[in-house]
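Below is one structure, written out as structure tokens, with a few remarks after it.
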Amino acid sequence: MSQQAEKNNHYLLSNWKPENTAFWENKGKKIARRNLVISVACLLLAFCVWMLFSAVAVNLNKVGFNFTTDQLFMLTALPSLSGAILRVPYSFMVPIFGGRYWTVLSTVILIIPCVWLGIAVQNPATPYAVFITIALLCGFAGANFASSMGNISFFFPKAKQGSALGINGGLGNLGVSVMQMAAPVVIFLPMFTFLGVHGVPQEDGSSLFLANAAWIWAPLLLLATIAAFFGMNDIASSKATIASQLPVLKRLHLWLLSLLYLATFGSFIGFSAGFAMLSKTQFPDVNILHLAFFGPLIGALARSAGGVISDKLGGVRVTLVNFIFMALFSALLFLTLPGTGSGNFTAFYLVFMGLFLTAGLGSGSTFQMIAVIFRQITVYRVKLHGGTDEQAQKEAVTDTAAALGFISAIGAVGGFFIPKAFGTSLAMTGSPVGAMKVFLVFYIVCVFVTWLVYGRRQKHVKS
């Protein structure tokens, strides 16, 4: 973009210096907070779309379809698979296109799977392959997280990174709970009859308008797109090519922190996708749709808290303790399942809420670790090779944003693996115990990785 074009573009911030205290207090803080608020709204709606099938799949057979349990688990898992893959290119988009332009584009395209899903569920003859395609398209919503978190990292100073990313990610994650809370209500309301939506009669005398679960988000996505277009900004100093961002893939810390984030956020999004279906298979007499939203709600709020707590106590310390509790709750879950334990739904539900809490908290603390550690190692490396403070800070911001995006892509794989593991375990053994054993071992491994790599080096890697 030419200098004249930059001058005429009042959405472009050409001299952004969040580390300058005077600039931050007088001007930067207000702009950053406005962008954060709009970013949270767009990301929250993206998570609503991403996890649509977690609420829709359990109702498909009630409106005339005849899919197997494994097929339904697959539909809840596929959006996380495509979302994880798409997060890789999405993590590079903000420095190329700018945060404002990319937020607008990535938000408005989510209307497509919402509208298509609303049409598909109204025809019981719709092939399973069509639902697979729509589920994969919902993954575009999950990819938004990578670009959103990378974008917000440019706006805030280092000292505010954990809190800002925790708020953006945590309240964005809240979309899972909002969707799972809204869907069971709106599917019984004749909201879109003027568009030809007809309810399917149920055994209890009610009518199920399943299309509402998808269509309700379309007008909200349009409003969020307008807000992003007129209310967000691009940062000139955040511009970078893909080539300049790729070296971050060579950093060992990228892969180690990806492992930790897979265990935390991957668990949050995976449990969010599969909890309702899992509960239905283990406790078929319980109407889980009226209770499923509470887990993602706890996890999303805990994520925001995790970032704030980590800024004060250190991300390494918080993450280490958190993994210990994740392993503990995983072990306790065996005692609540039918067949291996009491088969008590209340105990099962409470232990799972503990898993949601720790998965959310750990998502915030590990992201704080990523932001702090990558800034430190990049600044050190640039200065070691004779770079100036300004060069070091600029490269640190670019590397951190790229790392946040790429690591978030790895973490999203958990959203596919967990519900698929539940479905496979149930299909092979009739029980989810096999899948839970894998998760328990994984959390124990993460305890040791956090302690051996980061806990013992806290004086060198302050987080």
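The values are calculated or read from the model by the stated rules, or taken from the named source; none is laboratory data. Keep in mind that what you see is a predicted model, and the values were worked out from it rather than measured. In this analysis, Cβ positions are derived from the backbone assuming ideal geometry, glycine residues included, and neighbour counts consider all displayed protein chains. Keep in mind that these areas ignore ligands, DNA and RNA; they rest on the heavy atoms of the full protein, side chains included. Shrake-Rupley method; radii C 1.70, N 1.55, O 1.52, S 1.80 Å.
A few notes on this one:
- Here F188 meets the list (1) at pLDDT 90 or above; (2) in a helix (DSSP H, G or I) almost entirely, failing just condition (2).
- The residues of the range 150-174 that are out of contact with any Ser or Thr (no Cβ under 8 Å at 6 or more places or on another chain) and more than 15 Å from R375 (Cα to Cα), listed by number, are S163, L174.
- Test: residue in the range 198-212 that is in a helix (DSSP H, G or I), free of Cβ contacts under 8 Å to residues at least 24 places away in the same chain, open to solvent by 60 Å² or more (accessible area, probe 1.4 Å) and out of contact with any Phe, Trp or Tyr (no Cβ under 7 Å at 6 or more places or on another chain): no
- S431 vs. criteria in a helix (DSSP H, G or I) and open to solvent by less than 40 Å² (accessible area, probe 1.4 Å): no
- Cβ pairs under 8 Å, 6+ apart, first in the range 127-149 and part of a helix (DSSP H, G or I), second of a type in the set (D, E, K, R): G142/R87; A143/R87; F145/R87; A146/R87
- Residue that is crowded, with 17+ Cβ neighbours inside 10 Å and either farther than 30 Å from L246 by Cα or among the hydroxyl-bearing types (S, T, Y) (or both), where the choices are L43, L75: L75
- Search result, residues across the range 101-111 that are surrounded by fewer than 23 Cβ atoms within 10 Å (Cβ to Cβ) and part of a helix (DSSP H, G or I): Y101, V104, L105, V108, I111
- Matching residues in the range 333-358 - criterion: being farther than 16 Å from F271 by Cα, assigned to a helix (DSSP H, G or I) and either in contact with a helix residue (DSSP H, G or I) (Cβ under 6 Å, 6 or more places away or on another chain) or open to solvent by 70 Å² or more (accessible area, probe 1.4 Å) (or both): T346
- Qualifying residue in the range 274-291 (condition: touching a residue at least 24 places away in the same chain (Cβ under 8 Å), under 23 Å from I167 (Cβ atoms) and not hydroxyl-bearing (S, T, Y)): no
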